[in-house]
Amino acid sequence: MVSLWRSSFFRRYSLSPFPATVRRYTQSRQMSVVSNAYPNISAKLMEVLKPHLPKASPEYDPSTLSNYTNFKVSNTTLNLDVLFHEKKLSGSISFNIQTLFDVEKIVLDSSYLNIKKVSINDSPIHDYTVEDRIEPLGSPLCINHQLATNEEFILKIEYETTDNCTALQWLEPAQTDGKKNPYLFSQCEPIHARSFFPCFDTPAIKSPFTYYFNSPLNTLTSGLLKEKNGTIYHFEQPVPIPSYLVSIASGDLTDADIGPRSKVYSEPSFIDKCQYEFEKDTENFIQTAENIVFPYEWRDYDVLILPSSMPFGGMEHPNCTFATPTLISGDRENVDVIAHELAHSWSGNLVTNCSFEHFWLNEGWTVYLERRIQGKIHGESFRHFSAIIGWNDLTNSIQSMGESASRFSTLVQDLKDRTDPDDSFSTVPYEKGFNLLFHIEQTLGSKEAFDPFIKYYFNKFKYKSLDTYQFLDTLYGFYSDKKDVLDTIDWKTWLYTPGMPPQPKFDTTLVDECYDLAEKWVKTISESPERLPETFSSNDIESFGANQNGVFLDKLVSYEGQNGFTWKSNDGKKALDLMAKVYSKYPESHNAEVIFRWFRLLIAAHVKEAYPKLADWLGTVGRMKFVRPSYSMLNQVDRELALATFAKYEMIYHPICRAMVKKDLGLN
C-alpha cells in the first residue's frame, strides 16, 4: 500500500495519521504520561498494553480522513428531498460546531457525493475542494477557512448523492412485496455514511440530529417523529449519536403495535406476520434490559422489517431497529435478534467504540447483554446454550478466515494502514468480545459480582466514545481491591493474540442433547447403516427449538472428515434421504437459520439435487450471514452455477453484500 503520508492530500494539508491533539503529547517521559492517563491499570497489565497504548485516549480513528479532533459538534441537521425517479437524495446538511483549536481548514469525509455549495454562517465559501479518492476511505472535502479556538459557527453544505452511493439501496416496485411503490433504505455502518452525507464519519464524533425529509412515501429515521406536514417529515434525535447510526427508510410502510412503547413497521402485506412475531416479547426484553443496566433513554423502541435485501440481521438505529425479514419465521424462534439490537440501545448507541479498531466494545458488550436478557427470561442454562452456539460460530469463523486470521481474529484490531473496516468485520468482535466479558464475570466469581460494574460503566461513558484502554482502566478502578484477581486473566491472549481465546466454563445441559443425537446418527451410519430406519423417528427432535435444531445440524456437518467419516459415502447420502423424511420439518422449514444449515449439510454430502435449490433460495434472501457462506459453498461444488446465480440475483442484494460476495467469488 502506498504511504498515505506521501500522498498529495496529506502533503498539501500537512495532516498526519495522528491529529494535532495527539501530536501535542511530548515524546519524552512517555511512561509518565501513560501512567497519568490510565492510573488504575496494574503494573502487570501495563506491561501487556505498553506496546499498543496510544498517545491519548480515546485512540485516534484511522478510518476517517477528517480532522475531527479539532471540533465539537453540538447539533447536525439533515434536510433532504427523496427523489425516487432519480434514485438520489438532494438537499443540505448543517453542523453547529465549536473549534477546540485554531484551524486553517475543515476536512470532512465524503464518498461519491456531488458537492454544490458550502457556507459558514450563511456566507458562501468558495475555497473548497473535493480531493482525489483515497481508497477505501473516500474523498476528503477540504474547506479552507481560518477559525479561532472556541469559535462557534454553522457549516452548511448543499449536495446530492450519486449512483455510486454505498449507503443507500433503491428498490424498484417489482423488488418489494407490494409491487406498487419504490423503496429506499440505508445502511451506514461502518464507514458508508460519508456516501450519504458529508460528515466527520467517525464514531468518535456524536451529536444530536434534526431531520427534515421530503418524500412522497412514508418515512422513518433514527429519531422521534415531531411533525408530518404533507410530504415533509420532521424528526428529532435529542441523544448524541455518531454518523453510522443515521438512517432513512421510505416506502409503502404501515405499522402495528407490539408493546406500550413499540411498533413494528413493514409493507402492508407483511404486517400481521411481523406483529405476531414480536408482540409477545418486545416489552419484556426492554424491561429486562432496564433491570440489568438502567432505564431506556430513547423513549420509543420500534422495529422496521425491511425487504429481503437487508444485508444484516438487524441494524441498531436508535428508536427504530432495521431488521431482516428472515426473522419472520412464524415460530417466534428468531426474536432474540431483537434482544441483541435492543441491547445496542446501551452498548454502541449510548456508549460507543471510538473507532472500529475497538468494535468489540460495541458488539461484545451487546452480545453479553443480549445473553443476560435471555438468561433472565429463559433460564441460566439457555444463556450458556446460546454462548456455546456463539463459541462454535467463533470457531467456524476463525477457521474460515484462512491466512487472514492472523490479522482479523484479534480482539483489538489494527486498521492504521487504512484497511477497510468492512474487511475486518466478522464474528470475532461479537463472540470473542462476549467471551472476554463472560470470563471477567466468572473470574470475579458471579453475575452478581459483575452487575454493579455494568451499571457504573454505562453511566460513566454514556453519550461518549471510548477505547479498550479506557474500559480496562475503568474496570481496574472499579475493582481496585481485586486487581490481583483481574491480573489472573491472560490479557495478552484475549486482546492481541490471533485465534481462539481460552474457553470459559459452560453449562452443556441443552447442547448435550443435540450432540448425543448427532453422535448417534454418525455411529449408526458407520457401524450398522441397515438399522437407520428403526433407530430414528420424528420424536427425536420434537422438543428441539430452532437453536437446538441449529446446533444439531452444525454438529452433523462437523463430523465430515473426522476419523474417516464422510457424508459423501453411499451410506451417508442414504442417511440424509431418511433424515429428510423422518425429520421433515428441516426440508420444509420456513426458518432461515434451519434452511441454511440443512443446505450446508446437503452440500457437504455433495447431494447434487440440492445445488439448484440452494441457488433458488439465494434469490429470496439478502442477509450476508446466509448469502456469503452459501455462495462460497456453491462455488466449491459448482462454480459455474455459483457465478450464474450471482449474475442473476446480483442487483437484488445491497451494495455492501454485492461487494463482499464479489470478493468471496474472486470477481474483483
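The values are calculated or read from the model by the stated rules, or taken from the named source; none is laboratory data. A quick note: this is a predicted structure, and the numbers were derived from the prediction, not measured. Cβ sites come from the backbone with ideal geometry, for glycine too, and all protein chains shown count toward neighbours. What goes into the accessible areas is simple: the full protein's heavy atoms, side chains included, and nothing from ligands, DNA or RNA. Shrake-Rupley method; radii C 1.70, N 1.55, O 1.52, S 1.80 Å.
How much length would be gained if the chain were fully extended between N218 and R407, taking 0.36 nm per residue of separation minus their Cα-Cα distance, in nm to one decimal?
That pair, N218 and R407, stretches by 63.7 nm at full extension.
With a 1.4 Å probe and every protein chain left in place, tell me how much accessible area M579 has, in Å² to the nearest 10.
Taking all protein chains as shown, M579 has close to 0 Å².
For the stretch 374-392 and the stretch 598-668, write down the distance between their C-alpha centroids in whole Å.
Using only Cα atoms, the two centres lie 30 Å from each other.
How do R418, R299 rank by accessible surface area computed with a 1.4 Å probe, from largest to smallest?
These residues rank, largest area first, as R299, R418.
Using the Cα centre of the chain as origin and beta-carbon charges of +1 (Lys, Arg) and -1 (Asp, Glu), tell me which of F359, L184, G348 is placed farthest towards the positive end of the dipole.
Farthest along the dipole direction, towards plus: F359.
Between the DSSP loop rule and a limit of at most 16 other Cβ atoms within 10 Å, which trypsin sites (Lys or Arg not before Pro) in the stretch 219-276 are left? Could the numbers behind the result be given before it?
Numbers: sites: K226, K228, R261, K263, K273; in loops: R261.
In loop regions of the stretch 219-276 (DSSP not H, G, I, E or B), the sparsely surrounded trypsin sites (Lys or Arg not before Pro) are R261.
So what does S250 come to for accessible area, using a 1.4 Å probe and Å² rounded to 10?
0
Helix 468-478 sits at what angle to the longest principal axis of the chain, using alpha carbons and giving 0 to 90 degrees rounded to 10?
Helix 468-478 sits roughly 80 degrees off the main axis of the chain.
Could you compute the FRET efficiency for K574 and S538, with r as their C-beta to C-beta distance and R0 at 22 Å, rounded to 0.05?
The formula returns an efficiency of 0.75 here.
Note the angle between two axes, namely the Cα long axis of helix 509-527 and the longest principal axis of the Cα atoms of the chain, as a number of degrees from 0 to 90, rounded to the nearest 10.
50
For Y244, Y212, what's the largest-to-smallest order of accessible area, 1.4 Å probe? Could the numbers behind the result be given before it?
On the way: Y244 0, Y212 80 Å².
Correct descending sequence by accessible area is Y212, Y244.
What's the angle, to the nearest 10 degrees (0 to 90), between helix 282-292's Cα axis and the longest principal axis of the chain?
For 282-292 against the chain, the angle is about 70 degrees.
For A148 and K482, what does the FRET efficiency come to when R0 = 45 Å and r is the distance between their Cβ atoms, rounded to the nearest 0.05?
For A148 and K482, the calculated efficiency is 0.40.
Using Cα pairs under 8 angstrom and six or more residues apart, how large is the relative contact order of the chain, in percent?
Details: 1238 pairs, mean separation 77.0, N = 668.
Taking the mean separation of contacting Cα pairs over the length of the chain, I get 12 percent.
Can you list the lysines whose alpha carbon is less than 21 Å from that of K116, not counting same-chain residues fewer than 8 positions off?
Candidates past the 8-residue exclusion: K87, K88, K105, K156.
Whenever you get a sec, line up I454, I154, I377, I328 from highest to lowest accessible area (probe 1.4 Å, protein heavy atoms). Show your work: numbers first, answer last.
Details: I454 0, I154 80, I377 55, I328 25 Å².
Descending accessible area places them as I154, I377, I328, I454.
Modelling each spin label as a point 7 Å along the Cα-to-Cβ direction, I'd like the E530/E47 distance in nm, to one decimal.
Each label point is offset 7 Å from its Cα along the Cβ direction, giving 6.6 nm.
Any chance you could look up the accessible area of T162 with a 1.4 Å probe, heavy atoms only, rounded to 10 Å²?
40
Give the distance, in whole Å, between the Cα centre of the stretch 197-233 and the Cα centre of the stretch 510-564.
50
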